[in-house]
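Below is one structure, written out as structure tokens; comments come after it.
The values are calculated or read from the model by the stated rules, or taken from the named source; none is laboratory data. Computed from a prediction, not measured in an experiment: that's the story for all the values here. Positions of Cβ are generated from backbone atoms using ideal geometry, with glycine treated the same way; all protein chains shown enter the neighbour counts.
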Amino acid sequence: MITPVVYVFQLDEDGAGEEMDGDEDIATYKEWPLPAREFHGLWESLVFDDEEGGDGEVDDGATTAAGTSAPARRANAFNTSGGGFTRLGVKNRLTRYAGDALLFSRAGVNHNLISWNRVVLLHGPPGTGKTSLCKALAQRLAVRHKGTYQTSSLIEVNAHSLFSKWFSESGKLVTKLFEKIGDLCDDETCLVFVLVDEVESLAAARSAAAGGSEPSDAIRVVNALLTQIDNLKNKPNCLVLTTSNITEAIDLAFVDRADIKAYIGPPGLRARYEILRSAVNELHRTGLIGKGDLLDLPVPIEKVSAGVLFLIKDDDACEPAAAAATGELDDVALASKGLSGRALRKLPFLAFDTARRMASKEGREKPNVCEFLQAMKHAANTEFKDRELLRKDNL
């Protein structure tokens, strides 16, 4: 028997406040009261898997951006030999890790006997949703732990503001910033999340600086950052979330401090299908796509074999128009291999004008679903051609 858990919360409407510092009056960080209106629905819109068969659980019972229930568990979870361990999707893995990290801290587990730092590092190519996942995770945890912490805040650090034109000042700016964060953490009724995007700018490998390829002031910045992260271990209500596009540039001492080092890669076939499906349904919901074909594209339970997506569905329940549209969506998902999640989310916008012109030739004001999917496939092919021309121009 499954016992449902209901979370009741109110979204903050005020937005982020900025902390200004330095002679140039640059914001060193933004503070978001959580849960924030800006992050509402962000968790549900993020879809992750891998090309080899998925991440196990795509979500833990939430809904997709299109409003339909996402499968709580996929058939692609694997078992270790004899152990029966299930591999979790990255969203589920991070949620469970953060809950355990906060539990250990509240329980007063001795750090000398069991080590955990409450530091997460998400790494991978640009546009794969690392920063969005950090913000969505903070929002989700703020809601789930409302009974323990009365308030929650997300501190989004502006790493570039911490580098001074004055020699040796950058390390002091890092120390000063984290001292302010420490002051916020002194309120034990507040759950504090610290987001450092592109952490390699602050945690650059000291070996490069020692070799003379980086200014020696960079060493002071890294030393200050490591010291301050160690200090935050004494704050049981703080979780540090970091992202990086260039992991080889990060100092190994920082990498060693991260409890979770999760790779966020380009979306696989199943993730591309779901991202595009949710986008089409959103345009369908807003009335920009005609309603003559189907109400919703089906959510597939699929497997990947030789680069082909096989949909397993109830044939009796699948209308011919839905089957045709699903086939078109398969083609778009296959054609968009290699695009980041960010690029995939742009495809519907880029395709809309083409689809509208296709409908106009047929004497209709709005494109139907199949026309729009054909336009998205054209937009994906155009994107790859533009990138190839850009690469040739840079040679």
Taking segment 244-257 and keeping residues hydrophobic (A, V, I, L, M, F, W, C), outside any strand (DSSP E or B) and surrounded by 21 or more Cβ atoms within 10 Å (Cβ to Cβ) leaves F254
Report task. Say whether the condition of being at pLDDT 90 or above and among the hydrophobic types (A, V, I, L, M, F, W, C) is met by at least one residue in segment 386-395. Result -> yes
query = Looking at segment 140-154, is at least one residue of a type in the set (S, T, Y), surrounded by fewer than 19 Cβ atoms within 10 Å (Cβ to Cβ) and not in a loop (DSSP other than H, G, I, E, B)?
reply = yes
Given the conditions (1) under 22 Å from G182 (Cβ atoms); (2) surrounded by fewer than 17 Cβ atoms within 10 Å (Cβ to Cβ), every one holds for P125 apart from (1)
A323 fails exactly one of (1) among the small types (G, A, S); (2) more than 30 Å from G124 (Cβ to Cβ); (3) at pLDDT 95 or above, namely (3)
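For segment 323-354, give me each residue that is over 27 Å from E44 (Cα atoms) and in contact (Cβ under 8 Å) with a residue 24 or more places away in the chain.
Selection gives T354 alone.
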In segment 130-170, anything at pLDDT below 95, within 24 Å of the chain's Cα centre (by Cα) and small (G, A, S) is listed as A159, S161
So, first residue acidic (D, E) in segment 1-19, second residue assigned to a loop (DSSP other than H, G, I, E, B), Cβ within less than 7 Å, six or more apart or across chains; the pairs are D12/P35
The number of residues in segment 168-197 that are of a type outside the set (K, R) and under 18 Å from I26 (Cα atoms) is 13
Scanning segment 347-371 for residues that are at pLDDT 95 or above and within 30 Å of the chain's Cα centre (by Cα) gives L347, P348, F349, L350, A351, F352, D353, T354, A355
The residue that is modelled with the highest pLDDT, considering only those in segment 71-101 that are hydrophobic (A, V, I, L, M, F, W, C) and more than 18 Å from W43 (Cβ to Cβ), is A101
Among residues of segment 356-380 being without any contact (Cβ under 8 Å) to a residue 24 or more places away in the chain and assigned to a helix (DSSP H, G or I), the residue surrounded by the most Cβ atoms within 10 Å (Cβ to Cβ) is E371
Note: among E282, E383, E328, E302, just one is surrounded by 14 or more Cβ atoms within 10 Å (Cβ to Cβ), among the charged types (D, E, K, R) and either modelled with pLDDT under 80 or assigned by TED's automatic domain parsing to the domain that holds V47 (or both), namely E302
